[in-house]
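Structure, as structure tokens:
The values are calculated or read from the model by the stated rules, or taken from the named source; none is laboratory data. Bear in mind the structure is a predicted one, so any value in this text is a computation, not a measurement. When we count neighbours, we look across all protein chains shown, and the Cβ atoms used for this are built from the backbone with ideal geometry, even at glycine. Heavy atoms of the whole protein, side chains included, go into the accessibility calculation; ligands, DNA and RNA do not. Shrake-Rupley method; radii C 1.70, N 1.55, O 1.52, S 1.80 Å.
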Amino acid sequence: MRYGLLLRRNLFRRRLRSLLTLGGLACAVALFATVESLNDGLEKALGGDQARRTLVVYRKNRYCPQTSHLPEYYAREISRLDGVSSVLPVKLFLNNCRTSLDMITFQGTPVETMLKQRRIELVSGDLARFEREPDAALVGRGFAARRGITVGENFRFSNVNVKVVGIFRAAESTEEEIILTHLEYLQRAGPVNRLGTVTQFDVLVDDPDRAGAVATAIDELFADSEEPTDTRPKIAFLESATRDLREILRFGRIFGLSCALVALALMGGTVVMGVQERYREFGAFRTIGYKARHIAGLVLGEAFLLAVLGAATGLGLATLLVAFGGIAVGVEGVQVAFSLTPMLFGKGLAMALICAGLAAAVPAWRAARIDVVQALRTI
Amino acid sequence: MTAGDEAAAVISLRGLCKSYEEGGRRRTILEEVDLDVAPGELVALLGRSGSGKSTLLNLVGGMDRPDRGSIVAAGRDLVRLDEAALATYRRERVGFVFQFFNLIPTLTVLENVRLKAELVGLPVAEQNERARALLAEVGLEDREGAWPDRLSGGEQQRVAIAAALVHDPEIVLADEPTGNLDLDTGRRVMELLDRLCRARGKCLLLATHSAEVMGVADRVLGIEHGRLVPREAEP
């Protein structure tokens, strides 16, 4: 039946209309995929198995990570508690505490402990140099990719000026968005010398089921001290930190759904117009022996072809945006990278195909049921 | 026609009636029409616009259904066929030539001619061979790659004639084939249609309101008040 040829030729015949529909559909799919990629990134951030074994200790009643100042020696006392496997003091330096699309997060840690506790792997650079040089830094590959940072260059923000000596990948997606430095370097680098204080402790527990009990024990230990603590499982901390983000995302998903509806309306308009102006042509097809289902197939086929092309273009745009747009959403030092997974590509394509199917179903049914005689009389 | 001729007829209509609802009233178009058309015969239907010529052709072409009566064409009782079977009948047994050509605008001249050969499942080489031979016969062998909208009316109608014959149908139905052409072009198209159908022994049922093209017909029938009336063909 030469469906492929007829479908291609008809889309090409009305090339401006086809291009406009394809462009609109591509934009809708790109927006849908971008919103969903943030959702997937958030799921990934909250789904790391290391996060279930880790507690985060902050200063009680802190407003923002940078307002948390805990004595560094707390690490020794925490490590003595039953059930604690290791303690990592962390000094944080952020460019922005609120929700931001371009967050810069420095984490200063004792190098040896950090390498033991965090599951990072160098993809390029020199680890020995990082251990040796006090102003050296390792950059997470997500952040490096967004900022175009390579090994050997200097990265400067405010008073912090580090030499990038390595790029790393990490088991936890949020850690691929940070810059790791020496603890002492970062303590001294800020506007105020904070030597001897840290922002938080990352506490690794032996048994994830006992994480709650260990958290209570830590807070009780420092309840009467000058700097009381607030200890929560890292998952709970991430969930709390990203609460606003999830609210925004909820709105974003409504926006994504609206995109699907716009795509549906756009596709519907194109298909209906196409069928109306081809009434006589369908009559000619029926006359020469095309059956009703063949006519329906032509209408549906064109809609699906447009959907596939639109989805491919939209997903390509989303990939370019995520890969080269240099965006990640950060809040309170936690950065969530946009994550385009094969599943998301499938969802984008499915959305476009569903829109095409819904938009073309009624016009296809009507085209299949045309009165041949009336159709041939149409001018 | 004798009883034997009737049995051999490619088209046989008996007691055919057709009416339409129009402004809340029933308008009778065809009433008790009987007709037999033999293989290779060219029958012209003459009548004013709205007299029922096209309706008769649509019924024989399986595009419309009668209120009453029987239509046996190419050995098929069309009244008993369902929509899918009628589509197969149109595809395999009938060639159509229309006033407005009805070529597929997204297919080239060659593809338009080849389409029916393809639909009936001929091998690709044979499709091309037949289509090119017919295009040569209608004098358009050098236009096979052209789009229909780049052709003149006469050329489009010649393409439509080639397309109607490519799958070797038993019946050719031509509804006002010269109605959209100037007199001279119309006459040449009519001669071409007549020559090609006769050369292949096709039964041609032609509807026209123009007496100018009647000279080629074996039999001329008028439609008056829904009934077929014999008319004299021009010498």
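Summary table below
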read-out: Partners for A:Lys91 among lysines (Cα-Cα distance below 20 Å; same-chain residues under 8 apart left out); value: A:Lys60, A:Lys116, A:Lys163, A:Lys234
read-out: Partners for A:Lys347 among aspartates and glutamates (Cα-Cα distance below 17 Å; same-chain residues under 8 apart left out); value: A:Glu36, A:Asp40, A:Glu43
read-out: Accessible area of region A:49-241 belonging to carbon and sulfur atoms, whole % at 1.4 Å probe; value: 45 percent
read-out: Pairs of Cα atoms farther than 47 Å apart, the protein assembly as shown, %; value: 45 percent
read-out: Nearby lysines by direct alpha-carbon distance to B:Lys202 (threshold 28 angstrom, same-chain neighbours under 8 apart not counted); value: A:Lys291, B:Lys18, B:Lys53, B:Lys116
read-out: Under 5 Å, built H, 5+ apart or other chain: amide partners of A:Thr378; value: none
read-out: Whole-Hz ³J(HN,Hα) from phi, Karplus 6.51 cos²θ - 1.76 cosθ + 1.60, for region A:32-40, glycine and proline x; value: 4, 5, 5, 4, 5, 5, 5, 4, 5
read-out: Over the protein assembly as shown: helical MRE at 222 nm, DSSP H runs n ≥ 4 each giving -39500 (n - 2.57), nearest 500; value: -15000 deg cm²/dmol
read-out: Electrostatic dipole magnitude of chain A [Cβ: Lys, Arg +1; Asp, Glu -1; Cα centre; debye, to 20]; value: 2860 debye
read-out: Gaussian network model of chain A, springs between alpha carbon atoms under 10 Å - residue of A:Leu19, A:Leu186, A:Leu94 with greatest fluctuation; value: A:Leu19
read-out: Charge-dipole axis of chain A as Lys and Arg at +1 and Asp and Glu at -1 on Cβ define it, positive-most pick from A:Val90, A:Thr378, A:Val362; value: A:Thr378
read-out: Calculated FRET efficiency for the pair A:Ile327/A:Phe255, C-beta based, R₀ 22 Å, to 0.05; value: 0.85
read-out: Shielding by partners, peptide A:278-290 (average Cβ within 10 angstrom, other chains); value: 6
read-out: Interchain or long-range residues, amide H under 5 Å from B:Gly222's placed H; value: B:Leu46, B:Val229, B:Arg231
read-out: Ranked order, B:Trp147, A:Trp365 - accessible area, probe 1.4 Å, largest first; value: A:Trp365, B:Trp147
read-out: Across chain A: Cys residues that no other cysteine approaches within a C-beta distance under 4.7 Å; value: A:Cys27, A:Cys259, A:Cys355
